[in-house]
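Every read-out reported here was derived from the displayed coordinates using simple, explicitly stated rules and does not represent laboratory data. Note that this is a predicted model, so its numbers are computed, not measured. Reconstructed Cβ throughout: ideal geometry from the backbone, glycine too, with neighbour counts over all protein chains shown.
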Ligand SMILES: Nc1nc2c(ncn2[C@@H]2O[C@H](COP(=O)(O)OP(=O)(O)O)[C@@H](O)[C@H]2O)c(=O)[nH]1
Ligand SMILES: [Mg+2]
């Protein structure tokens with residue numbers, strides 16, 4: 001069972017729970033501990049995390065309209081993000097990067113991926129093969145470089161890594177980003193240390209990045225500390241996230257070691273390198289594949305509808321703002337997932353998913369209302385008004401009533417959001433700034 005599955009299983013124990021009591025939270029934490037421990041997260045970290053969730057959950061007054069399950073998911077999301085470390089945004093600028101790490105960790109593959117990453121972002125890039133121990137290291141990197149469309153330098157059957165590094169630097173001097181691949185060993189021995197130091201002196205890398213495979217789990221933390229002490233590193237790249245159930249253990253351990261996590265690799269293909277985001281990683285674990293994409297979509301929707309997030313909290317809901325909001329939400333597509341994540345999964349689906357056609361109908365109906373009616377929905381209870389609006393807009397009375405009922409739902413939703421400081425806080429932390 002992978003970590004995400006285990007975590008979702010823990011969350012499932014809360015389905016239907018109306019209150020958070022000791023029994024419910026203990027059961028949840030038991031499953032959560034199982035999931036995290038089997039992903040090789042350090043025992044101490046696991047117990048700290050579940051203790052924090054327990055304390056916070058049991059001392060909370062559930063805000064109106066929020067289920068116990070959703071409330072705990074919020075806490076869990078926050079704590080997991082803290083456990084998995086920071087987000088990294090790479091600076092797209094000229095640089096020399098030396099990759100180092102143990103044998104089989106994914107250095108050579110990552111060298112090509114990383115060079116391609118920068119080249120795709122406008123920095124011409126190349127790779128240098130300084131691995132003089134592994135047979136066919138030269139051919140491996142040459143092939144990958146060709147696939148990636150990046151420059152390559154190496155000396156076939158060369159024995160002097162420092163010499164290759166120097167010549168590579170000269171040969172690729174017109175390239176903005178140069179990535180140096182190096183030899184691995186089964187352990188960090190004196191010979192490897194000497195070789196790495198020699199290359200570093202020759203090329204003066206802006207960055208020394210340690211490459212670690214996720215499948216070693218929490219040992220990744222020790223490895224990061226060791227390389228940091230012995231050779232000095234600036235960053236850590238964790239590979240094979242796709243094939244390892246221990247990625248959670250590896251990422252949390254590296255983060256705890258104090259090393260800077262910069263990229264993750266998750267496949268053999270060259271486009272499977274991502275800048276590291278604990279938020280994205282945790283969102284995936286919780287079954288939210290592309291949270292950042294969703295947030296972008298919401299922001300874009302708000303911009304298009306000309307909604308200023310900071311005004312939303314104070315926005316009075318009337319039929320005009322209602323229309324704007326519906327438009328925003330329909331533009332945001334899977335907004336429901338975000339609301340769910342924030343503890344609002346009980347929002348009726350039809351309140352946030354409107355078809356284009358329905359929106360058009362709404363617009364016509366709203367434009368047939370008087371200004372007073374648009375600002376005061378209670379007027380619509382008066383006899384004859386619905387009939388008049390239906391006639392005026394060429395729609396049926398049922399259409400008008402449907403609209404009024406959607407409006408009532410939205411009003412309820414907005415009120416519960418206003419009364420829920422946690423959700424507003426969560427909106428803020430996601431960059432939505434409500
Ligand atoms: N599934 C998967 N395989 C990877 C990833 N990165 C590297 N590999 C594979 O792991 C093996 C070792 O990689 P390599 O780059 O040669 O490691 P090196 O010895 O450190 O240079 C190769 O078969 C790669 O294709 C990854 O992110 N995901
Ligand atoms: Mg290699």
Using alpha-carbon positions, what is the distance between the centroids of region 209-250 and region 42-104, in Å?
18 Å
37 °C / 0.692 mPa s Stokes-Einstein diffusion coefficient of region 3-83, Kirkwood radius on C-alpha pairs, µm²/s:
262 µm²/s
Please order 377, 215 by the number of other Cβ within 10 Å, starting at the fewest.
377, 215
What nm value, rounded to one decimal, do you get for the distance between residue 385 and residue 120 when each label is placed 7 Å out toward the C-beta?
5.5 nm
How big is the equivalent ellipsoid of region 226-274 along its three axes, where each semi-axis is √(5λ) from the Cα gyration tensor, reported in whole Å from largest to smallest?
21, 13, 8
Once both labels are modelled 7 Å past Cα along the beta-carbon direction, what's the residue 190-residue 60 spacing in nm?
5.6 nm
Let me check I have the definition right: for region 114-188, take the eigenvalues of the Cα gyration tensor, multiply each by 5, take square roots. What are those semi-axes in whole Å, largest first?
21, 13, 11
Based on other C-beta atoms within 10 Å, arrange 323, 71, 103 from fewest to most.
103, 323, 71
Of the convex hull drawn through the C-alpha atoms of region 95-285, the volume per residue in Å³ is 102 Å³
Starting from the Cα coordinates of region 156-268, work out the convex hull volume and express it per residue in Å³.
120 Å³
What distance in nm separates the two pseudo spin-label positions at residue 229 and residue 357, each 7 Å out from Cα along the beta-carbon direction?
6.9 nm
Taking only C-alpha positions in region 64-169, Rg and Dmax in angstrom work out to 20.4, 70
Would you mind ranking 178, 7 so that the residue whose beta carbon has the fewest other beta carbons within 10 Å leads the list?
7, 178
